[in-house]
């Protein structure tokens, strides 16, 4: 039996309704799943006071106890994998198999950071006799976090895991289109024994929430996964109060396919990964630059695989790609494709809306797209792949670096000289060779240029959530 949770805010350990709410819609059927309450200023004020109180409790909780609670919550999430996955598929549309994997990935973020909570070591600096100099790490304070709709559970998990492992309290504004993942996370922590006020969950008008929370003196970190335009706006708000930011922003990932690679494997893996999550992934491989000697073969194999992608309701067996998560994506994708075609690009498959019910878009492949087309600079964030030829490695690197973004990049080659150049010269925060995987809980994840600041995951993942204090202790007054 398919389940979907009751939709509420969570403030100071209590689930809340409000007088204002909005519908949450299944993007595959356009049916209403529930009504999501929206926080107003009174609820935000309560959440802030709760987080301030929660911070004082949590910062003084030992790392061992923090870790135990985080691990217990992660275990509960694993036990409820099926229930959470069904909620994600219902509100987001992704195939159920992908939703199940997302639940496990979210749990893994908590498990990794729970371990990191035990390893936030300071250090002792050698000094003269009678003096002791040490470096201490302290939680930064209340975190205001904002998570997107494309991964309803794993994106909130990253923010919550980093904050809680570091000893911070957090107010999370999760995506209104896909609230269930965050609600399930909060339920797990409630049952795991997290003190009231440490984790608070709100939904509402994004501008109202950000403009209220970010200037507050007790809010010391703003953490966002979202678009570059939103990131710039929130960074501007934060700068007015000297508040630290952690920004994981947009991408437009290049894939450089060199002449020495296995063309069939590269093409098929590229087509499959491009359509994962309906292309709604900030690291999604999108701009394929293929050596001219293998271009035609690569395009043929890529198009053949993309064209047979099984599109449908994520609850149906065999479906590989669900709908876009909201109705707004359809006209955006249509405009980008039409603009590319008007400038001379060729549609090799797809290019339009799929069906009449639900927010589906056809798996789409464009070739020979001019540099002037909007889609060469604007991330489509949908199931649209661009395949263009390149002449030599200088040309490929120049094309890869031609956007303001630098989140993820990929290449397919076995030549050591190519690998050395590509790894050093492609301007991204995450670069993968002969694989389209971009991150794991144990690896640092983040971008360069307009793709953001700071890192999530890995040993670097908690750095944004802590402050560093140098302590100099002299045995005698001097």
Query raised in the report: Within the stretch 241-251, is there a residue that is more than 18 Å from residue 172 (Cβ to Cβ), more than 19 Å from the chain's Cα centre (by Cα) and touching a residue at least 24 places away in the same chain (Cβ under 8 Å)?
Result: yes
Query raised in the report: What pairs come up if the first residue lies in the stretch 90-110 and is at positive phi, the second is in a helix (DSSP H, G or I) and modelled with pLDDT of 95 or more, and their beta carbons are under 9 Å apart, counting only those six or more places apart or on different chains?
Result: 93/278
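Return the only residue of 73, 39, 97, 51 being within 28 Å of residue 206 (Cβ to Cβ), in the same structural domain as residue 158 (by TED's automatic domain parsing), under 22 Å from the mean Cα position of the chain (by Cα) and modelled with pLDDT of 95 or more.
Values: 39 fails: under 22 Å from the mean Cα position of the chain (by Cα); 97 fails: within 28 Å of residue 206 (Cβ to Cβ); 51 fails: under 22 Å from the mean Cα position of the chain (by Cα).
Step by step, each of 73, 39, 97, 51 is checked, and only 73 is within 28 Å of residue 206 (Cβ to Cβ), in the same structural domain as residue 158 (by TED's automatic domain parsing), under 22 Å from the mean Cα position of the chain (by Cα) and modelled with pLDDT of 95 or more.
Filter the stretch 5-19 for residues that are at pLDDT 95 or above and not in a strand (DSSP E or B) and give the result.
Our first condition is that a residue be at pLDDT 95 or above; within the stretch 5-19, this holds for 5-18.
Within the stretch 5-19, 5, 6, 7, 8, 12, 13, 17, 18 meet the criteria.
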**Report entry** Index of the failed condition, residue 305 passing every other in (1) assigned to a loop (DSSP other than H, G, I, E, B); (2) modelled with pLDDT of 95 or more; (3) closer than 23 Å to residue 94 by Cβ
**Finding:** (1)
Query raised in the report: Does any residue of the stretch 97-116 turn out to be crowded, with 21+ Cβ neighbours inside 10 Å and farther than 30 Å from residue 3 by Cα?
Result: yes
Report task. Select from the stretch 429-440 the residues that are at pLDDT 95 or above and crowded, with 22+ Cβ neighbours inside 10 Å and list them in ascending order. Result -> 429, 430
Requested in this report: Return yes or no: is residue 274 in a helix (DSSP H, G or I) and either more than 30 Å from residue 95 (Cβ to Cβ) or more than 20 Å from the chain's Cα centre (by Cα) (or both)?
Outcome: no
Report summary line: Taking the stretch 318-342 and keeping residues in contact with a helix residue (DSSP H, G or I) (Cβ under 9 Å, 6 or more places away or on another chain), surrounded by fewer than 21 Cβ atoms within 10 Å (Cβ to Cβ) and either in a loop (DSSP other than H, G, I, E, B) or not assigned by TED's automatic domain parsing to the domain that holds residue 276 (or both) leaves 320
Report summary line: When residue 381 is run through (1) assigned to a loop (DSSP other than H, G, I, E, B); (2) in contact with a strand residue (DSSP E or B) (Cβ under 8 Å, 6 or more places away or on another chain); (3) assigned by TED's automatic domain parsing to the domain that holds residue 349, the failure sits at (2)
Requested in this report: Output the residues belonging to the stretch 414-430 that are touching a helix residue (DSSP H, G or I) at 6+ places or on another chain (Cβ under 6 Å) and not in a helix (DSSP H, G or I).
Outcome: 426
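The values are calculated or read from the model by the stated rules, or taken from the named source; none is laboratory data. Not measured: the values here are computed from a predicted model. Reconstructed Cβ throughout: ideal geometry from the backbone, glycine too, with neighbour counts over all protein chains shown.
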